[in-house]
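Notes follow the structure.
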Amino acid sequence: MAHQTLKTNFDQLIHRLNRFPQGAPPSDVLYEILKMLFSEREAGLVALLPIKPFTVMKAAQVWQMRESEAQKILDELAGRAILVDIVNPGEQQTYVLPPPMAGFFEFSLMRLRGDINQKVLSELFYQYMNVEEEFIKALFTEGETQLGRVFVQEAALSPDNALHVLDYERASEVIKTASHRGIGICYCRHKMEHMDRACAAPMDICMTFNNSAASLIKHGFAREVDVAEGLDLLQEAQSRSLVQFGENVRERVNFICNCCGCCCEAMIAARKFGFLHPVHTTNFIPKIDEAVCNGCGKCVPACPVEAMTLVSANNPHRPKMKKAKLDEEICLGCGVCVNSCPQYGIQMEPRPQRVLTPLNATHRTVVMAIERGMLANLIFDNEALISHRAMAAILGTILKLPPIKQAMASEQMKSRYLERLLIWGQKRFYN
């Protein structure tokens, strides 16, 4: 009976995780991961939590217990970085269960800790993400709108192009404007270290911002840094040819990872599934000056996604001469190759068509849910009654979407209310 209860609780938790656009495909390995991070009772309780941020009162109602007891459980989970606790001035404290990635999977390895066996956990993560691949494929390749985007390295841009970079495209601006800045251990390289596969890139360089940083700092999973140290770490990452991969939003970015091509999940996914565009690129792309390129090949290993190769220069006088060639279809536009070229033969140029970035987390989540057929999970959150404020945010976002996305939303909901709302919104917009 105990085994059946355990299985049921973790089944329910997996079902809860998969009600969010960034889910976790069931697997025997996933069960083992969750059993290391949650107790049997915690799995059953967390499975009942709403998708959207909630208060202690709401958790107590859902769990049918006193608020004081619910508070103790929530704080324990937040203390282990399972939940993120959010405290905004003048507002009631709320909690949210983040998705597995970017979320509590990563947080579990963002500091050294003795309460769990991080080597065993790393081995399980490696099996689940790097061997089985279903999780990574689901995370990075479903739908058109993805979790993360790449930031262009500002130093790789010419003065003219630098003038056209918007603030939200600058990692430096994210650091400068964040309410909180936290630095933790890189989950990807920490995992690979336990697998004896880690590279020499720095570990203590994973960046979190705003509410996520505040919670991780509070519970010791990240250390707080000021703007100056944050910019210094960004400079170090760029000098080591690491790619800045961050949350795919324009406002209040919650994380920027400084990624190597060998260890980091986003770069590995970009190499394996590049034709599916698992990572949103920058608005720039390298251009090789063939008159300058001498075929030294230093740009090839520098590229984290193998977009650079060497091909024949077709020079009849020098038949063995090579030149660099870019595969634009899979290029991230990070700018790492620019700094690797000793001949200064690579320059970044604007892409012909700008990449669209969601405004904020609500915008991105709604679009991801529509594209993945999961919008009903956001609007009809059965584990807790949705607040008018949350409903207004979701429906307000839908009204601002292009007509094709609105049509997808209407088709999924099969709701006369939503259909009439969309018609009203379109009339108001066009009249």
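Listed here are the residues, each with its yes/no results for (1) at pLDDT 95 or above; (2) within 21 Å of E154 (Cβ to Cβ); (3) among the aliphatic types (A, V, I, L, M).
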site: K287; (1), (2), (3): yes, yes, no
site: A291; (1), (2), (3): no, no, yes
site: N294; (1), (2), (3): no, no, no
site: C299; (1), (2), (3): yes, yes, no
site: A313; (1), (2), (3): no, no, yes
site: L332; (1), (2), (3): yes, yes, yes
site: N339; (1), (2), (3): no, yes, no
One residue is enough: does the range 417-427 have a residue meeting the conditions at pLDDT 70 or above, more than 27 Å from the chain's Cα centre (by Cα) and either surrounded by 13 or more Cβ atoms within 10 Å (Cβ to Cβ) or over 28 Å from L242 (Cα atoms) (or both)? no
Just to be sure before I move on: is Q22 out of contact with any His (no Cβ under 7 Å at 6 or more places or on another chain), of a type in the set (S, T, N, Q), assigned to a helix (DSSP H, G or I) and not assigned by TED's automatic domain parsing to the domain that holds F255 in the structure I sent? no
Of the residues P316, P278, P342, which single one is part of a loop (DSSP other than H, G, I, E, B) and either in contact with a Gly (Cβ under 9 Å, 6 or more places away or on another chain) or closer than 30 Å to S179 by Cα (or both)? P278
Take the range 62-90 and flag every residue that is farther than 15 Å from R41 by Cα, in contact (Cβ under 8 Å) with a residue 60 or more places away in the chain and not in a loop (DSSP other than H, G, I, E, B). A78, G79, V84, D85, I86
Can you name every one of the helices (runs of 4 or more DSSP H) wholly within the range 137-241 that holds 3 or more residues which are in the same structural domain as C262 (by TED's automatic domain parsing) and modelled with pLDDT of 95 or more? 171-177, 187-194, 210-218, 227-239
Any idea which of (1) outside the structural domain of G148 (by TED's automatic domain parsing); (2) out of contact with any Gly (no Cβ under 8 Å at 6 or more places or on another chain) is the one D289 doesn't satisfy? (2)
Report yes if A24 is crowded, with 16+ Cβ neighbours inside 10 Å, in contact with a Lys or Arg (Cβ under 6 Å, 6 or more places away or on another chain), modelled with pLDDT of 90 or more and under 22 Å from E134 (Cβ atoms), otherwise no. no
Boolean, A138 is touching a residue at least 12 places away in the same chain (Cβ under 8 Å) and not charged (D, E, K, R): yes
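This table checks each residue for (1) part of a loop (DSSP other than H, G, I, E, B); (2) of a type in the set (A, V, I, L, M); (3) under 22 Å from the mean Cα position of the chain (by Cα).
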| position | (1), (2), (3) |
| --- | --- |
| G103 | no, no, yes |
| G114 | yes, no, no |
| V120 | no, yes, no |
| E123 | no, no, yes |
| N130 | no, no, yes |
| F135 | no, no, yes |
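The values are calculated or read from the model by the stated rules, or taken from the named source; none is laboratory data. Keep in mind that what you see is a predicted model, and the values were worked out from it rather than measured. Neighbour counts are summed over all protein chains in view; Cβ atoms, including those assigned to glycine, are modelled from backbone coordinates with ideal geometry.
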